[in-house]
Amino acid sequence: VSQQLAPRLGFPRAFTAFPRDPVNGDRVKDEVGDLVAEERRDILVSLSQPPAGAEGLQGVGRLEVRGFSVTAKRSESDAKALAVERSEGAQAAVSASRNEQVERHWNRHLANEALEKARATAERDLPAARQLLDAASVALGASPLVSAGDPVSLGLLADLRDCMDDLRHRDDYMEKGSKKLAMMTNVHSKQRAANGASMNADWSTSMQKDFGAAFKMSIA
């Protein structure tokens, strides 16, 4: 995935664990790895824009994706122009509330960042690791999507609390907590389902869901 920015735009940060390479001053490239059918990858980015000189739709760049299709046995690509609607007073509205999709993936970033930091901290200080997850749980719980019952945000909150339970005692952490933190980090950073994560219903493809249902029926 490569993004070419329009002149005068800045690219302060991308909230992703995927490798990011600057191609030149106004273009960056993300390697998102292999995707199976129906999977998606969402990359939340921060852009800096100059003051709006005029209202209306303004171009911000170009997005291009490239990959190799195993089923079609060929390389494929697609490109889209990127634009935003600019108007006076828009900054106040943006700061008051985020777009639902942006808020959802901001929550995912918030949870995943806390999981990564807790994993690194837990090796030497379990109480500090718990505090990191607790702080993220409080911040996530304040999201309007949690109040609205959004399944993705609620699943993230459940996984944070689940990991906190395994950080009470060193033996529990060594036996299962360390593995769970690693698994949860991988699940949420790559949006890929794994056993034991609350987010499986949202990251699973229809094929994975059908396979899981068939397996449950076979052992019922």
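The values are calculated or read from the model by the stated rules, or taken from the named source; none is laboratory data. Model, not experiment: these values are computed from the prediction. Positions of Cβ are backbone-derived with ideal geometry, glycine not excepted, and every protein chain shown enters the neighbour counts. Calculation scope for accessible area: heavy atoms of the full protein, side chains included, ligands and nucleic acids excluded. Shrake-Rupley method; radii C 1.70, N 1.55, O 1.52, S 1.80 Å.
Worth a mention:
- The combined condition, being within 29 Å of Gly33 (Cα to Cα), open to solvent by 40 Å² or more (accessible area, probe 1.4 Å) and over 15 Å from the mean Cα position of the chain (by Cα), is fulfilled by Lys117.
- Residues of segment 120-141 classified as hydrophobic (A, V, I, L, M, F, W, C), open to solvent by less than 80 Å² (accessible area, probe 1.4 Å), under 26 Å from Val102 (Cα atoms) and out of contact with any Lys or Arg (no Cβ under 6 Å at 6 or more places or on another chain), total: 5
- Single residue of segment 152-206 satisfying the filter (open to solvent by 40 Å² or more (accessible area, probe 1.4 Å), closer than 20 Å to Gly141 by Cβ and modelled with pLDDT of 90 or more) that is nearest to the chain's Cα centre (by Cα): Leu154
- Each residue in segment 1-17 was checked for being touching a helix residue (DSSP H, G or I) at 6+ places or on another chain (Cβ under 8 Å) and either exposed (fewer than 10 other Cβ atoms within 10 Å of the Cβ) or in a loop (DSSP other than H, G, I, E, B) (or both), and 2 of them qualify.
- In segment 18-34, residue farthest from Asn112 (Cα to Cα) [restricted to those that are in contact (Cβ under 8 Å) with a residue 12 or more places away in the chain and open to solvent by 80 Å² or more (accessible area, probe 1.4 Å)]: Lys29
- Residue pairs whose Cβ atoms lie under 6 Å apart, separated by 6 or more positions or on different chains, with the first residue in segment 180-191 and under 22 Å from Arg168 (Cβ atoms) and the second among the β-branched types (Val, Ile, Thr), do not occur.
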